[in-house]
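Only one structure is covered here, and it is reproduced in the block below.
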Amino acid sequence: MTDIPMPGLERLLAACEKYPVRASSRKPWGGALTTGVPVLGRPLDPMLAAFYSLLGGLHLDLDLFVEPCDEQVNGILTANEHAQRYWPEPFRSLLIFGCQDASSYTYATVPSLADAHGFQPVVEVDPYEDIYALPIASSVDRFFDTYARYLKLVYETLDVGQERGAWPAFPWEVPELIAADRPLMRMLVDGRFDFLMFREGVDAQRTHEEIRAWIAQLRAAGA
């Protein structure tokens, strides 16, 4: 799977070396997940398979955590088994591959929105109270690319560096980074993600207003 270009992943790993970001990874193993092998009935994204052919997992201290896939701890399977057990549809049909460290916010691909190459967009799932998901990248590698640009923003443009509490919240407070992903914006404008963003629930109206305001920021940033 290494023949699939992963410039976003390369940019993210380079950013980890450039900035004071403690990053740890795992070596891939022969039993790692590959394209065409379903994960609990859901097709594995080719770019995610390419990631696992290069790394068994990735952990950026205090923030991004890509679930491990190795012979000791197959975290991607554990995370998705939990989601299938407790999440309602359509969220249990997503494929979780990562999370925000020390929180329940998760990153997942959307198999039902795969393009002609099988590449799936990425969403951030908020499972607290009224579950919903925000679209944040048109592909897995674009997600890595956006996160690399996020690190550049906080370490160079905003000059907040080690002051972790001063970082803008990802993705809510960095609409300009999300809006730079033009394929994602086309899908968003076409309403492809509505079934994940607008759900009925106790706080649905307040949540929907916040999401619509965020979408308006995205469209303004991408104009």
- Item | Conditions (1) in a loop (DSSP other than H, G, I, E, B); (2) without any contact (Cβ under 8 Å) to a residue 12 or more places away in the chain: number failed by ARG85 | (1)
- Please work out which residue is nearest to ALA137 (Cα to Cα), limiting yourself to the stretch 180-209 and to residues that are of a type in the set (Asp, Glu) and open to solvent by less than 80 Å² (accessible area, probe 1.4 Å). ASP181
- Task: Could you tell me whether LEU77 is open to solvent by less than 10 Å² (accessible area, probe 1.4 Å) and over 22 Å from VAL21 (Cα atoms)?
- Result: no
- Identify, please: which residue in the stretch 46-71 is of a type outside the set (A, V, I, L, M) and farther than 14 Å from SER25 by Cβ and is, among those, modelled with the lowest pLDDT? GLU71
- Residue count, the stretch 192-208, condition at pLDDT 90 or above and in a helix (DSSP H, G or I), comes to 4
- Query: When you look at ALA137, is it open to solvent by less than 20 Å² (accessible area, probe 1.4 Å), under 23 Å from LEU44 (Cα atoms), in contact (Cβ under 8 Å) with a residue 60 or more places away in the chain and not β-branched (Val, Ile, Thr), yes or no?
  - Reply: no
- Which condition breaks for PRO121 when tested against (1) modelled with pLDDT of 90 or more; (2) within 20 Å of GLY57 (Cβ to Cβ)? (2)
- Taking the stretch 85-104 only, how many residues are at pLDDT 85 or above and surrounded by fewer than 18 Cβ atoms within 10 Å (Cβ to Cβ)? 7
- With the first residue restricted to the stretch 40-53 and required to be over 20 Å from ARG92 (Cα atoms), and the second required to be modelled with pLDDT of 90 or more and part of a helix (DSSP H, G or I), Cβ contacts under 7 Å at 6 or more apart or on different chains are MET47/VAL140; MET47/ASP141; PHE51/LEU9; PHE51/VAL140
- Do you know which of the residues in the stretch 124-134 that are farther than 14 Å from PRO171 by Cβ and of a type outside the set (Val, Ile, Thr) is least open to solvent (accessible area, probe 1.4 Å)? ASP130
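The values are calculated or read from the model by the stated rules, or taken from the named source; none is laboratory data. As the structure is a prediction and not an experimental result, all values here were calculated from the model. Note: ideal-geometry Cβ built from the backbone for every residue, glycine included; neighbour counts use all protein chains shown. Heavy atoms of the whole protein, side chains included, go into the accessibility calculation; ligands, DNA and RNA do not. Shrake-Rupley method; radii C 1.70, N 1.55, O 1.52, S 1.80 Å.
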